[in-house]
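Notes for the one structure printed next.
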Amino acid sequence: MDKVRLLYRADGGYPIGSGHILRAVRILRELSNLCPLDSTIMMANDIKMIPIAATAPASLHILPPRSDLDAIKPILNAAPVLESLSDQHYDLCLIDMLDTPERDMRSLADTGVKLVTFDDRGPGRVYADAIFNVLVEEPDQSMLKPVCRLFEGCPFAMLDPQFAALGNDLKVRNYDSSGDILVTMGGVDAAGLTVKTARALKLIRKIRKVIFVGGAAYPHCNELELELKSAPWEWEIRLNVPGLLDLFLWCDLALIAGGLTMYEACRSGTPALAICQPIDHQFELARKLSLAGGMETVGYGLNATEEEIALRTERLLNSPSERRKLGETGGKLVDGQGVRRTALALLELLDP
């Protein structure tokens, strides 16, 4: 196969977390296993995100730091992408920016490059040749280009390869055990839900240990440590862990936020309660997986009271049968092969 030349535009850091950069790394690694690849990641300058992006088989094109930090979802500016497209030929241009604007996407489409977007419900999606919706669903497929390929849902959850390596026989869990809890509210936890959850868990005595996880850019560590000084159970804070699989397999219950983290909990057969950040797609995905029986949710974490979080957590801790049901159903919903499916689908776009 001829070398595939690919430009991947994504951002990470506060307040959006590292998910989009990690998605770029996973997709590019898989593509490099399938074909000769010449790829570039174009991203805003962020000291915590650059080392993550550097693990991809790609060159880095670093832009100035984001100027739209008040927007949780980074806003696509086509200008630097257009400049790169004019300098050299690319077979694919992947825009991992969410809710793309119409004018910017139109200008990219006018170059003739094949465009791919992710979790995109913005007006610019009408110019995409393919859309991968893992966190959201397409609201009106009739708006898309007739040739646009739409890939949605659990089969395309782009998890770390270690989740795929679990195979069909997940580690046997002891659902009768109920003392260990994992709390992970996203790499940066912009809304401070980890601290709120810690306060809620202090209302529960039937806990042995809680492990709190944050990313490299987690900003609430001092506040969390102060809150945990009076906790009646053992606790630990871990930052910038390489992956969550071992912790999912360790815990009896996970309290989680974030999109792909929900899929990771399902894939590992972990009973989970979603406490969502104030981002629309988090609540939508939590509700979707909850309706499918793969987890429970309190909805948006800022709206849920500490007493409600404690009550829902304690109820799950006291019900091994309910936790087993959530874990086993979640394991059937997600098979961990989403990165490979995505990479193969991207290569199919290049077929004449």
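Okay, here's what the table says:
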| quantity | calculated |
| --- | --- |
| Failed item, numbered, when L69 is tested on (1) modelled with pLDDT under 95; (2) over 22 Å from the mean Cα position of the chain (by Cα) | (2) |
| Top-ranked residue in segment 159-172 [being assigned to a loop (DSSP other than H, G, I, E, B), of a type outside the set (V, I, T) and surrounded by fewer than 20 Cβ atoms within 10 Å (Cβ to Cβ); ranked as modelled with the highest pLDDT] | D160 |
| Identity of the residue in segment 81-116, in a helix (DSSP H, G or I) and in contact (Cβ under 8 Å) with a residue 60 or more places away in the chain, that ends up surrounded by the fewest Cβ atoms within 10 Å (Cβ to Cβ) | S84 |
| Candidates D140, D129, D119 - the one that is out of contact with any Pro (no Cβ under 6 Å at 6 or more places or on another chain) and free of Cβ contacts under 8 Å to residues at least 40 places away in the same chain | D140 |
| Flag for S142 being surrounded by fewer than 23 Cβ atoms within 10 Å (Cβ to Cβ), among the hydroxyl-bearing types (S, T, Y) and not assigned by TED's automatic domain parsing to the domain that holds A292 | yes |
| In segment 215-239, the residues that are surrounded by 14 or more Cβ atoms within 10 Å (Cβ to Cβ), of a type in the set (A, V, I, L, M) and assigned to a helix (DSSP H, G or I) | L224, L228 |
| Residues (modelled with pLDDT of 95 or more, part of a loop (DSSP other than H, G, I, E, B) and surrounded by 19 or more Cβ atoms within 10 Å (Cβ to Cβ)) located in segment 19-66 | A56, A58 |
| Subset of segment 245-258 that is surrounded by 24 or more Cβ atoms within 10 Å (Cβ to Cβ) and modelled with pLDDT under 95 - its residue that is nearest to A53 (Cα to Cα) | G258 |
| Residue that is in contact with a Lys or Arg (Cβ under 9 Å, 6 or more places away or on another chain) and either without any contact (Cβ under 8 Å) to a residue 40 or more places away in the chain or farther than 20 Å from Y127 by Cα (or both), where the choices are A78, A54 | A78 |
| Count of residues meeting criterion [within 12 Å of A265 (Cα to Cα) and either β-branched (V, I, T) or in a helix (DSSP H, G or I) (or both)] in segment 325-352 | 9 |
| Considering residues of segment 173-207 that are among the polar types (S, T, N, Q) and closer than 20 Å to Q282 by Cβ only, the residue surrounded by the fewest Cβ atoms within 10 Å (Cβ to Cβ) | T194 |
| Qualifying residue in segment 259-266 (condition: free of Cβ contacts under 8 Å to residues at least 24 places away in the same chain and in contact with a Gly (Cβ under 9 Å, 6 or more places away or on another chain)) | no |
| Criterion: at pLDDT below 95, on the phi < 0 side of the Ramachandran plot and assigned by TED's automatic domain parsing to the domain that holds F248 - qualifying residue of A231, A216 | A216 |
| Flag for A304 being part of a loop (DSSP other than H, G, I, E, B), in contact with a strand residue (DSSP E or B) (Cβ under 7 Å, 6 or more places away or on another chain) and among the small types (G, A, S) | yes |
| Every pair of residues 6+ apart whose Cβ atoms lie under 6 Å, when the first sits in segment 12-38 and is over 22 Å from R66 (Cβ atoms) while the second is of a type outside the set (A, V, I, L, M) and not in a helix (DSSP H, G or I) | S32/P57; P36/K3; D38/K3; D38/R5 |
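The values are calculated or read from the model by the stated rules, or taken from the named source; none is laboratory data. Just so it is clear, the model here is predicted, and its values are computed rather than measured. Reconstructed Cβ throughout: ideal geometry from the backbone, glycine too, with neighbour counts over all protein chains shown.
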